[in-house]
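J.: Handing you this structure, nothing more for now.
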Amino acid sequence: MWYGGDYNPEQWPEAVWAEDVALMRRAGVNLVSVGVFAWARLEPEEGRYAFDWLDRVLELLADGGIRVALATPTASPPPWFGLAYPDALTVNRDGVRLTHGSRDTYCLSAPAYRAACVRIARELARRYAGHPALALWHVHNEYGTACYCDHAAAAFRAWLRARYGDLDRLNEAWSTAFWSQHYSAWEQVLPPRATQYLPNPAHLLDFRRFLSAELLAAFGEQKAVLRQATPDVPVTTNFAFGGWVPVDQWQWSREVDLVAIDDYPSESGGGAEEQTAFAADLARSWAGGRPWLLMESAPNIIYTVDLPNGPHPPSRRMHTKEPGRMLRHSLSHVARGSRGAMFFQWRAPRGGAEQWHAAMVPHAGPDSRVFREVCELGGLLARLGEAGVADSRVVAEVAVVWDPQAWWALQGSHTPHADMDYLAAVRDAHRVLWRRGVAVDFVHPEAGLSAYRMVVVPRLYLVSDRAAANLASYVENGGHLVVTYFSGIVDAACRVRLGGYPGAFRDLLGIRVEEFYPLPAGETVDLSTGDVGRMWCERVHLTGAEAVARYAGGVLDGLPAITRHRHGAGAAWYVSTELADEAYARVLDEAYARVRGAPEPPPTGVELVRRTGQDATWLFALNHTDQPRQVAATGVDLVSGEQVTGAVRLAPGGAAVIRTGAAAPPHT
Ligand code: GAL
């Protein structure tokens, strides 16, 4: 189990370093990410390297038994770089060239930037190959920066040429007959810079795809020089998550030796727990079920928006995590496969843009609640590590389809309802299953699905022909599929699939949707089940499916709202409106009950995750409420060290990790 965080000794006088190492040892820290933003200190002038300070840091850490995820500092080029290579600074959509002064100000396609990245990576690799502290390479930080400059334009065109071969195919794919956008020479093709009115959705989508590939190529160059110098040291980069991130994690996960994510829930209420579980399940799925690493999270205060019933506009306060919450969030990640818990950051800085960001050692110093909780978590992770939890796996029988390209497509299109967010739909499905205590994997729509008894497809707006065939054959072979509205609408080039919606799934679902009825905020439509739909409803015709629920009243009175279609050996459900969680849960329960029996939800507010190992199972029980809760379990609780027989009592906000199976190791 790795435990630690981003460590920025370059921000502190050397006198603090020895105290850092002593405190790290006290807290049980065994891995720190070093050098993430230290480029200016490592290469103070172009080509002049200053590694002596880093030598001393790594030596201190090695002497303290602390390993290092050594970063290449390329997320923050120093001021000299921008002055020497002004053409390598970011140009935004509006054509404004940005200046040094923050971080991530570069164009990933600028030759000077790419060369500078490879040089500093090579120097670091040469210097620290074989160093006893070096455990992992941490390349860059949160790849995701987009640029719209001429370098980006040239690289975009090269990518498009490779994808389409000739302009005719590009024109066809981008539907450029619309609004006279036909291209007659490659030079006319630009990144989607600011333009007068609605941009072309296919253009936007391909630019996102290009960025993902371009950023991955830049990562690959650094990885290659690190690999050459240190063939045995794994290489990773930390994935950021958010609507702005142009990274297809399915593709990237194949190129990193260890999937690593940063996780910053945006909500302060119960949504934070749901978001935590969501991020962790995504990470495990990107990693193909293998261990992954929570590279960053916040030990305490978090940026937050007050949702859903908070003030409008949301207040911009930060939220201080309640006692015990950091430990529960960390355990939620570990329960879902993380090889430990890492934070941003080790010591809270005095100055700089993130001077108010949480840290393991807060401004108050080690005599603080936060540091005491940091020490407690370190002790627990060490016990979990010794007991072998890292070798166990989460087994999920339900999968939710996740495709960032469908997200990008929906973001770029002027859809019939502006509130239709892809991420929200995927989170809804995950949240409903999470509350039912059902373990969930995420899957790419073209991936093998036979391991799952049920697959949920939330708002998969864009579907490739291959994905459509894959999902159909899953059902033909006995799978149970639940598809929600506005799925299967466009093809891989964002073109509507004609002949009735959802074009990709009509046969599979045994329905044909003739038209949509987007609803205004606050308006609902009644269903025959007594539930209501909101935001959206559709004129659905049955072409083989049966109606499970119908619209009641209004222009759609009596027409199907939720359907079920036997297809081959399986069944495919369709939900044509937006359901509240309880109604959604009933649909999923019913679909699930047919394949697995009714789910047994955990006590309200308790998160239960089971990990299965060769000779033991582990039950992670996290009580996210302020009331005591009880959970059936027998074994040794690694949190309290006590033997549990029949049931474990969870204190308000408390947690237990119960090991059952082979003789449990002694509690230390
Ligand atoms: C992460 C980033 C860190 C730090 C942190 C603050 O996205 O990698 O460097 O900025 O956010 O929450």
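Throughout, read-outs are computed from the coordinates displayed, never taken from laboratory work. Remember, predicted model here, so these are calculated numbers, not experimental data. Here the Cβ is made from the backbone with ideal geometry for all residues, glycine too, and neighbour counts use every protein chain on show.
J.: Using the Kirkwood formula over every pair of different C-alpha atoms, what hydrodynamic radius in Å results for the chain?
T.: Values: mean 1/r = 0.0375 Å⁻¹.
Hydrodynamic radius (Kirkwood, Cα pairs) of the chain is 26.6 Å.
J.: Where the convex hull is taken over the Cα atoms of region 265-386, what is its projected area averaged over directions, in nm²? Please list the in-between numbers first.
T.: Details: hull surface 33.1 nm².
Across all orientations, region 265-386 yields a mean hull projection of 8.3 nm².
J.: Which three extents, in angstrom, do the Cα atoms of region 186-339 have along their principal axes, listed largest first?
T.: 56, 51, 23
J.: Using +1 at the C-beta of Lys and Arg and -1 at the C-beta of Asp and Glu, which of S338, I301, A429 has the Cα lying farthest in the positive direction of the dipole of the chain?
T.: After comparing all options, I get S338.
J.: Grab the other residues whose beta carbon is less than 14 angstrom from that of F178, score K and R as +1, D and E as -1, and report the net. The partial results should precede the final answer.
T.: Details: positive: R495; negative: E172.
Here the charged neighbours net out to 0.
J.: Calculate, in whole percent, how much of the Cα-Cα pair population of region 606-660 lies beyond 19 Å.
T.: Details: 268 of 1485 pairs.
Summing the P(r) tail past 19 Å for region 606-660 gives 18 percent.
J.: Over the Cα atoms of region 398-593, each weighted equally, I'd like the Debye log10 I(q)/I(0) at q = 0.10, 0.14, 0.17, 0.18 Å⁻¹, rounded to two decimals.
T.: -0.35, -0.72, -1.13, -1.29
J.: Same structure again: Once you sort the root eigenvalues of the Cα gyration tensor of region 218-270 as a ≥ b ≥ c, which label holds: rounded (a/c under 1.5), prolate (a/b larger than b/c) or oblate (the other case)? Spell out each step's value before the answer.
T.: Numbers: a/c = 3.29, a/b = 2.23, b/c = 1.48.
Since a/c reaches 1.5 and a/b is larger than b/c, the shape of region 218-270 is classed as prolate.
J.: Quick check on the chain: helices-only [θ] at 222 nm, where DSSP H runs of length 4 and up contribute -39,500 (n - 2.57) each and the sum goes over total residues. Nearest 500, please. All intermediate terms of the calculation are to be shown ahead of the outcome.
T.: Numbers: 17 runs with 210 residues, N = 668.
Here the helix-only value at 222 nm equals -10000 deg cm²/dmol.
J.: Moving on to the next point. May I ask you to sort T99, T105, T645 by Cβ crowding, counting other Cβ atoms within 10 Å and putting the fewest first?
T.: By the 10 Å Cβ count, ascending, the order reads T645, T99, T105.
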